[in-house]
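Structure, as structure tokens:
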Amino acid sequence: MSAPEIAKGLAGVYLDYSRISKVFEDTNTLTYYGYPVQDLAEKCRFEDVAYLLWHGELPTSEQRAAFIAEERAQRTVPPALFDVIRQCRATSSHPMDVVRTAISFLGARDENWGDNSPEANLKKSIRLFAHLPMIVAADHRIRKGLELIAPRDDLDYADNFFHMYFGKVPEPEVVRCFDASLTFYAEHGFNASTFTARTIISSLSDIYSAVTGAIGSLKGPLHGGANEAVMHMLLEIDSPEKAQQWIDDALSGKEKKLIMGFGHRVYRNGDSRVPHMTRYFHDLAKVKGGEKWVEIENILSTTMTEKKGIHPNLDFPVGPAYYMMGFDIPVFTPIFVMSRITGWTAHIMEQLEANKLMRPLSLYNGPDQRIVP
Ligand code: COA
């Protein structure tokens, strides 16, 4: 009998059907329920995209009004959550650890945690979506010793986050760029964190456990943590004059060096979201005087594409965009969570519709059976 084939990293394995998103190869376009993400980013606000991911259709004006009202009504988190965040501050925890702990805490407080009906899980999804900007902003302000800022229910999701984080809403170009990044980050099939969420819910656990696990997966630099790693790399390079030497050295070194913000398991000819996000990033750089990041990125991306045939991924333009907006670098991945919560929860509900426990096999390569001495 021939040995079974091992699919390391599950590369190339189709695990299940999903109707939520697809990259159409002929146009190299990521779509949510058939809509190209770049068109969603251009024509919709992020709230519409969240609704689409949960319902499969964009909202009518009445549905939109009801959804926005429901989200805004849930922006206030239980006050005990701030104590949890303050406790975490005593350590050198990464903000992703705080976000993960906060979601776990909310799950432990929800008497209805075990109700996995679609109605209950949709309600919980909207609540987590509404709470997350406050969690991220509160952790930031507590770390800095700043007063917390209450949410405003007259502001859109992105604007309200800026308000709670900085105390003001910036220029429209900045909000546009941020809102577009949330749309681009919202969903991407069976990526590592979404697969983690689906695996956890497949045991009929609960939505909080699944989201907590997904956050842990997203934190890693090969996944969501790459947006932070990109900015650390750009700061290390520091100036366009040093960029060519830096990338040449990195590629010619004895040890293989990963260039953060490049490569993707799914896209081999370039991440379809990058040209669109790059346009927002360039517009932002003009407003914020960040042309040097644009120049450095051009040098890195030209060299990586020409020398290695490896293209930038979404984290490449997003990292410096968030930096120019003024966010602290360790907050970049928590912002990703504020967006991907929509995709994760849509997948959790889809998994429950036709569930099968995840249970792959491993091919044993340990010692033969032996006697305990
Ligand atoms: N920098 C340098 N080399 C890279 C690279 C990068 N960012 N991404 C891939 N490669 C190289 C690999 O070393 C490998 O080389 P080899 O064939 O000589 O061993 C080759 O390209 C193929 O890559 P592979 O490991 O098969 O890709 P993968 O599908 O397993 O990994 C990522 C995909 C995303 C994990 C990988 O590209 C990576 O680590 N990127 C940097 C982190 C990042 O930006 N993550 C965000 C993803 S959205």
For this session: Evaluate the charge dipole of the chain about its Cα centre and quote only its size in Debye, nearest 20, assuming +1 on the Cβ of each Lys and Arg and -1 on the Cβ of each Asp and Glu.
Result: 820
Exercise. How about segment 279-373: which chymotrypsin sites (Phe, Trp or Tyr not before Pro) there lie in a loop by DSSP and see at most 15 other Cβ atoms within 10 Å?
Worked result: Tyr364
Exercise. What helices does the chain have that are whole DSSP H segments, at least 24 Å long along their own axis by Cα, and with mean Kyte-Doolittle hydropathy of -0.5 or more?
Worked result: 118-143, 332-353
For this session: With N denoting the number of residues in segment 170-292, provide Rg(C-alpha) divided by 2.2 N^0.38 Å, to two decimal places.
Result: 1.28
Problem set entry | Anchor Lys219: aspartates and glutamates whose Cα lies under 18 Å away (excluding residues fewer than 8 positions away in-chain) | Asp97, Asp139, Glu187, Glu228, Asp315, Asp328
Problem set entry | Positive-pole candidate from Leu146, Leu234, Ser362, dipole of the chain, charges at beta carbon | Ser362
Problem set entry | Relative contact order of the chain, pairs being alpha-carbon contacts under 8 Å that are 6 or more residues apart, as % | 22
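Only the coordinates and a few stated rules stand behind these numbers; no lab work does. Given the structure is predicted, the values throughout are model-derived calculations rather than measurements. Cβ: placed from backbone, ideal geometry, glycine included. Neighbour counts: every protein chain shown.
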